[in-house]
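Peer 1: Below you will find the structure I want to go over with you.
The values are calculated or read from the model by the stated rules, or taken from the named source; none is laboratory data. Quantities reported herein were computed from a predicted structural model and do not represent experimental measurements. Note that we place each Cβ from the backbone using ideal geometry, even for glycine, and neighbour counts take in every protein chain shown.
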């Protein structure tokens, strides 16, 4: 490594350390605590105020007849078949329940002779088996399988290290693949969708049988169901109502009800309501106002800091980096930790609301502070300072008359109230001092010192002014006050001279 | 002198950012409280109001310092200064507590409003003492 390269690296490291130290300096200021507190409280308030509703989708299809209505209920894990009777009695409905036990196995069963792996086991009622062409039903340990050529065959099934002798009965593959338990819902579990078309498990991996057989295979004592279809419903019922009733008791994932020309789906996916988003936006506005106000009051300090680091040789972007780093550390970092807490304790919908609040607050605050501490442009408009000295040359040679007239002009200036006016004439010279309060702004005014000197044919009126204020008087205000005071004297004397 | 001091107070109140910030925060909190669906929301917004009230002290720091100086120049007595600052703090606290007073009429317990007012007043008291102890030397 060359000596020059080492020097460059050292200089850059020194700047990085400088930026880091500068960031620490700002972070240690007491207002940072308020920024952190405002962020945390707004994010939590936004999360707490979240109202959400289950996602409702309506599919329109004129071919659907809603009389009588049919309902599909899906669960994330097998539930007791009593769920249907509980639902019907709980919502005072009547209908016919059809149960389906459809599971995708984590560890497949193996058909030893056929050398096939079974990933899906379907347990259905007798009426469904009849619909699939198995009118005679299935005896104990008999399973419908579409991938055998003969009517029935015996095979050994390896499950959990045990061998089970089973009878495979041929089932029509076309009937099985196209059998629907509900509107566009095949009996074979759906793995995914290509466009709108469902992709199901290949039939070579599917076994279907009676409820009893499948329950024996699953080694459970009571009948369970993963899907329930309720047909011949006594009336239309809102799927949201059904979902809300069931979700308190069972792990329901979807409820769908057919209507006249449409199907309504309610899923477990929850989305924040518009009210709740308004609340999130308001929380972010509140946080932004507080943070921006704090930043606004600290701008003079930050600007002073910026000017100091410029003198130390830092680039203009150093301050931008420092300020973005500051907002990241004081707003984003505690905000993300709070967001994690909101996610764990309140769920995804609340987190979305809180995220809206956090992002909005951070963005507005960062943009504001970066713009406020941005260095001024090197090329600016040339500023013309107001004239604080004015020499008026007049042809009036009577020094006393001229002085008295100037005093009169001072006292009658409508923009000022004369706090004190003192004057003295000695020979060809006169001195006037006036302190005038500006009427349009409390606590500010102008101090005038005027020398009148007559020399031969001409008189010279030298006006000096100093604008004062109990507060800092802006440049524009100073210029206005100065102009209003001097112009009255200059204009008044010129007009008087011309008319006298 | 009394009218001058009153004029100074009115100018500080109208020219400072504190009043505007507290009014905007207050309106926001009112709407948040109207849309609330959690029992903890009022308490959280109360804390947020307290943060806002503390922020206002920082925001108008220079203006307040100037006020103290001007009052001193006018020959005000320390108690007059303290009363004026307390009046200002009370004004800010009242504006920030307006959402709670408005909501209280509908559903909240008066205890919550009282707690809120006390909390804000305490904060104002701290502010008053800090200003009184450090900036004014009579």
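Peer 1: Restricting attention to segment A:291-310, does a residue exist that is in a helix (DSSP H, G or I) and within 18 Å of the chain's Cα centre (by Cα)? Talk me through it step by step, then tell me what you get.
Peer 2: Within segment A:291-310, the subset in a helix (DSSP H, G or I) is A:291-310.
Now drop any that are not within 18 Å of the chain's Cα centre (by Cα), which leaves A:291-292.
Within segment A:291-310 (the criterion being in a helix (DSSP H, G or I) and within 18 Å of the chain's Cα centre (by Cα)), the answer is yes, since at least one residue qualifies.
Peer 1: Could you count how many residues in segment A:463-500 are in a strand (DSSP E or B) and more than 53 Å from the chain's Cα centre (by Cα)? Show your work before the answer.
Peer 2: Pass one, segment A:463-500, residues in a strand (DSSP E or B): A:463-469.
This time we only want the ones that are more than 53 Å from the chain's Cα centre (by Cα), so: A:463-465.
Total satisfying the criteria: 3.
Peer 1: Something else now. So which residues in segment A:416-434 are surrounded by fewer than 18 Cβ atoms within 10 Å (Cβ to Cβ) and under 24 Å from residue B:4 (Cβ atoms), if there are any at all?
Peer 2: Restricting attention to segment A:416-434, the residues satisfying the condition of being surrounded by fewer than 18 Cβ atoms within 10 Å (Cβ to Cβ) are A:417-429, A:431, A:433.
If the condition is that a residue be surrounded by fewer than 18 Cβ atoms within 10 Å (Cβ to Cβ) and under 24 Å from residue B:4 (Cβ atoms), then A:417, A:418, A:419, A:420, A:421 are the ones that fit.
Peer 1: Another question, then. For the structure I just gave you, tell me whether residue A:320 is in a helix (DSSP H, G or I), more than 14 Å from every other protein chain (Cβ to nearest Cβ), in contact with a helix residue (DSSP H, G or I) (Cβ under 8 Å, 6 or more places away or on another chain) and closer than 13 Å to residue A:36 by Cα.
Peer 2: Answer is no for this residue.
Peer 1: Sticking with this structure for a sec: So, in segment B:4-32, of the ones that are at pLDDT 80 or above, in contact with a helix residue (DSSP H, G or I) (Cβ under 7 Å, 6 or more places away or on another chain) and surrounded by fewer than 21 Cβ atoms within 10 Å (Cβ to Cβ), which residue ends up farthest from residue B:84 (Cα to Cα)?
Peer 2: Result: B:31.
Peer 1: Sticking with this structure for a sec: Can you name the strands (runs of 3 or more DSSP E) wholly within segment A:38-156 that have at least 3 residues being within 39 Å of the chain's Cα centre (by Cα), closer than 20 Å to residue A:240 by Cβ and more than 14 Å from chain B (Cβ to nearest Cβ)?
Peer 2: Values: elements: A:52-60, A:69-80, A:96-111, A:116-124, A:142-145.
Output list reads A:52-60, A:69-80.
Peer 1: Would you check if there is a residue in segment A:19-32 being buried (at least 24 other Cβ atoms within 10 Å of the Cβ) and facing another protein chain (nearest Cβ under 10 Å)?
Peer 2: No, there is no match, as no residue in segment A:19-32 is buried (at least 24 other Cβ atoms within 10 Å of the Cβ) and facing another protein chain (nearest Cβ under 10 Å).
Peer 1: Ok, one more. Yes or no: segment A:351-372 includes at least one residue that is within 12 Å of chain B (Cβ to nearest Cβ) and more than 16 Å from the chain's Cα centre (by Cα).
Peer 2: Checking segment A:351-372: not a single residue is within 12 Å of chain B (Cβ to nearest Cβ) and more than 16 Å from the chain's Cα centre (by Cα).
Peer 1: Then there's this: What about residue A:345, is it crowded, with 19+ Cβ neighbours inside 10 Å and within 14 Å of chain B (Cβ to nearest Cβ)?
Peer 2: no
Peer 1: So, in segment B:40-50, of the ones that are under 16 Å from residue B:23 (Cβ atoms) and facing another protein chain (nearest Cβ under 7 Å), which residue ends up surrounded by the fewest Cβ atoms within 10 Å (Cβ to Cβ)? Step through it out loud before you land on a result.
Peer 2: Let us first name the residues in segment B:40-50 that are under 16 Å from residue B:23 (Cβ atoms), namely B:45, B:48-49.
Now narrow it down to the ones that are facing another protein chain (nearest Cβ under 7 Å): B:45, B:48.
Working: B:45: 29, B:48: 26.
Looking at the filtered set, the residue picked out is B:48.
Peer 1: While we're looking at this one, here's another question. Assess whether residue A:230 counts as being in contact with a strand residue (DSSP E or B) (Cβ under 6 Å, 6 or more places away or on another chain), part of a helix (DSSP H, G or I) and in the same structural domain as residue A:124 (by TED's automatic domain parsing). Please lay out each step first, then the result.
Peer 2: Numbers: in contact with a strand residue (DSSP E or B) (Cβ under 6 Å, 6 or more places away or on another chain): yes; part of a helix (DSSP H, G or I): no; in the same structural domain as residue A:124 (by TED's automatic domain parsing): yes.
No, not satisfied.
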